[in-house]
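Here is the structure we will look at, set down as structure tokens.
The values are calculated or read from the model by the stated rules, or taken from the named source; none is laboratory data. What you see is a predicted model; the values in this text were computed from it and never measured. Cβ placement follows ideal geometry from the backbone for every residue including glycine, while neighbour counts extend to all protein chains displayed.
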């Protein structure tokens, strides 16, 4: 409904109460309703799922229309990100949020900082989703509140043109609420546990759930060693659990992102069940590292499988895990991805050990031979040394072309002396275009950085501490923070406004009229910021 439609509906309701609601102002009600567009997390999930589906279709038609997100570990970080995006780009189109299980473990667990091994409370994940959307909804209320003040000021000045301009901004207001791709790790248990957690995450507002094919009780960060995968049928049960959760809650457009860690996972806990040659279980087992044996020499506790008519024993480690043959990671990733897409997944995630477009494209080409519209979510991870990786890629390319690389030490390419060299600049150009190149060549629909704000918080705090506690003293804060905020138009320089003080003043006036004791008067020091 339009602004005026809300006012008309509120007036009708107030009039129906035979004068007992006469002190309620219909326009104030309309303003509050527009400031609270999303009443529940399910409203958000349905709205944002439709956005993602539309963006996926747009990408299929034009791979330059890829999407992006940054990982957020607090509602304030998400809020400031979206405010900044609207400020710099005018709209939030194709820009999402990512909720990283790594950051939940490291920053939001009651146990304190934890590694990314699913040891944190699983309830902290939906709690963070709810928090992120609470802050985004507050950003809506804050911006709309400013527009309402513009309307009132224009009316008071008798400026009809300014009033119409402000009203048009209200009518065409774009919400800060955007899709969140939320990390459900390996499901925190069996398929039933996955379903229960998925429901909580969707109810909190998540329209996209990212789930990985590791075992729940041995789960590791995607960029650490010791990863253990599960047979396909186990993983498919969890995909179905997520889909049932979406459908039960009426989010028919819900997105499931299936992540394969097989490229760096050389271990499995289980031998897959196989009912006939060539089925999924047989394909999973075909990658096991085995040795042919004489059944008569089998030891107590041995597992023996029939491979091409031969009796073979999978190699079992002291950890009681089985290992895959070396060099099978890419083949397993391709099989994992095709199987997931054929059984309800919407998007893929292949965890790699380095950012290399052709490596990713090589796997996606094989997947797209079977599923032509396969699309990838790719982790532009801070676990990669981007500078070193791309300088080595450029070095290798130069060497293969017969160019002179004698001025460069491949093992020491992080050295700052290479920053302004031909190699350094070529590497930076590749980093700059990595997302566009990957989306065009390798089917990457969504690029995300899992934990960028973890690193930005650490870096900015280090810079402030160095200056403030050093010789600069208070000037360290003023030069490094406040003056930049003012000159770059950072909204939270008015931190009272950002925290909701002006929204509260509006409500006080609605509730108490002239008797309202408001905080935003002439003695409020926030007025110093203009």
Next item on the list: Of the conditions (1) in contact with a strand residue (DSSP E or B) (Cβ under 6 Å, 6 or more places away or on another chain); (2) within 24 Å of residue 321 (Cα to Cα), residue 272 clears all except one; give me its number.
Entry: (1)
Checklist line | Members of the stretch 480-494 that are touching a residue at least 12 places away in the same chain (Cβ under 8 Å) and either under 13 Å from residue 521 (Cα atoms) or assigned to a helix (DSSP H, G or I) (or both) | finding: 480, 481, 486, 491, 492, 493
Notebook entry, point to check: Any idea how many residues of the stretch 275-293 are crowded, with 18+ Cβ neighbours inside 10 Å, more than 33 Å from the chain's Cα centre (by Cα) and either over 24 Å from residue 319 (Cα atoms) or in the same structural domain as residue 238 (by TED's automatic domain parsing) (or both)?
Noted result: 0
Next item on the list: Identify the residue in the stretch 309-318 that is without any contact (Cβ under 8 Å) to a residue 40 or more places away in the chain and exposed (fewer than 12 other Cβ atoms within 10 Å of the Cβ) and, among all such residues, is nearest to residue 234 (Cα to Cα).
Entry: 318
Margin query: Quick check on the stretch 257-265. Is at least one of its residues at pLDDT 95 or above, assigned by TED's automatic domain parsing to the domain that holds residue 54 and farther than 25 Å from residue 352 by Cβ?
Written below: no
Notebook entry, point to check: Counting just the residues of the stretch 62-98 that are touching a strand residue (DSSP E or B) at 6+ places or on another chain (Cβ under 7 Å) and in a loop (DSSP other than H, G, I, E, B), which one comes out farthest from residue 201 (Cα to Cα)?
Noted result: 66
Check: In the stretch 57-76, how many are over 16 Å from the mean Cα position of the chain (by Cα) and either surrounded by 17 or more Cβ atoms within 10 Å (Cβ to Cβ) or touching a residue at least 60 places away in the same chain (Cβ under 8 Å) (or both)?
Finding: 5
Checklist line | Count of the stretch 509-530 residues which are surrounded by 14 or more Cβ atoms within 10 Å (Cβ to Cβ), assigned to a helix (DSSP H, G or I) and over 37 Å from the mean Cα position of the chain (by Cα) | finding: 2
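For every residue, the table says whether it meets (1) assigned to a helix (DSSP H, G or I); (2) at pLDDT below 95; (3) in the same structural domain as residue 186 (by TED's automatic domain parsing); (4) in contact with a strand residue (DSSP E or B) (Cβ under 6 Å, 6 or more places away or on another chain).
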residue: 20; (1), (2), (3), (4): no, no, no, no
residue: 32; (1), (2), (3), (4): yes, no, no, no
residue: 48; (1), (2), (3), (4): yes, no, yes, no
residue: 116; (1), (2), (3), (4): no, yes, yes, no
Notebook entry, point to check: Among 414, 474, which is out of contact with any strand residue (DSSP E or B) (no Cβ under 6 Å at 6 or more places or on another chain) and not assigned by TED's automatic domain parsing to the domain that holds residue 388?
Noted result: 474
Notebook entry, point to check: Which residues, taken from the stretch 256-308, are touching a residue at least 60 places away in the same chain (Cβ under 8 Å), more than 29 Å from residue 195 (Cβ to Cβ) and not in a loop (DSSP other than H, G, I, E, B)?
Noted result: none
Item checked: Residue match in the stretch 124-147 (condition: assigned by TED's automatic domain parsing to the domain that holds residue 446, farther than 20 Å from residue 206 by Cβ and surrounded by fewer than 22 Cβ atoms within 10 Å (Cβ to Cβ)) -> no
Margin query: Quick check on this structure: which one of 434, 390 is in the same structural domain as residue 58 (by TED's automatic domain parsing), touching a strand residue (DSSP E or B) at 6+ places or on another chain (Cβ under 9 Å) and surrounded by 13 or more Cβ atoms within 10 Å (Cβ to Cβ)?
Written below: 434
Margin query: With the requirement that a residue be out of contact with any helix residue (DSSP H, G or I) (no Cβ under 7 Å at 6 or more places or on another chain), surrounded by 12 or more Cβ atoms within 10 Å (Cβ to Cβ) and closer than 25 Å to residue 514 by Cα, what does the stretch 5-35 give you?
Written below: 8, 13, 15, 32
Next item on the list: Return yes when residue 211 is part of a helix (DSSP H, G or I), in contact with a strand residue (DSSP E or B) (Cβ under 9 Å, 6 or more places away or on another chain), buried (at least 23 other Cβ atoms within 10 Å of the Cβ) and in contact (Cβ under 8 Å) with a residue 12 or more places away in the chain and no when it is not.
Entry: no
Checklist line | Conditions (1) loosely packed, with under 15 Cβ neighbours inside 10 Å; (2) in the same structural domain as residue 46 (by TED's automatic domain parsing): number failed by residue 243 | finding: (1)
Check: Considering only the stretch 442-479, how many residues are under 30 Å from residue 334 (Cα atoms), assigned to a helix (DSSP H, G or I) and out of contact with any helix residue (DSSP H, G or I) (no Cβ under 8 Å at 6 or more places or on another chain)?
Finding: 1
Check: In this structure, does residue 403 turn out to be assigned to a loop (DSSP other than H, G, I, E, B) and touching a helix residue (DSSP H, G or I) at 6+ places or on another chain (Cβ under 9 Å)?
Finding: yes
Next item on the list: Look at residue 150 and say whether it is buried (at least 16 other Cβ atoms within 10 Å of the Cβ), assigned to a helix (DSSP H, G or I) and not assigned by TED's automatic domain parsing to the domain that holds residue 337.
Entry: yes
Item checked: Condition met for residue 169 (assigned to a helix (DSSP H, G or I), farther than 14 Å from residue 128 by Cα and touching a helix residue (DSSP H, G or I) at 6+ places or on another chain (Cβ under 6 Å)) -> yes
Item checked: Members of the stretch 44-55 found to be surrounded by fewer than 16 Cβ atoms within 10 Å (Cβ to Cβ) and in contact (Cβ under 8 Å) with a residue 12 or more places away in the chain, listed by number -> 50
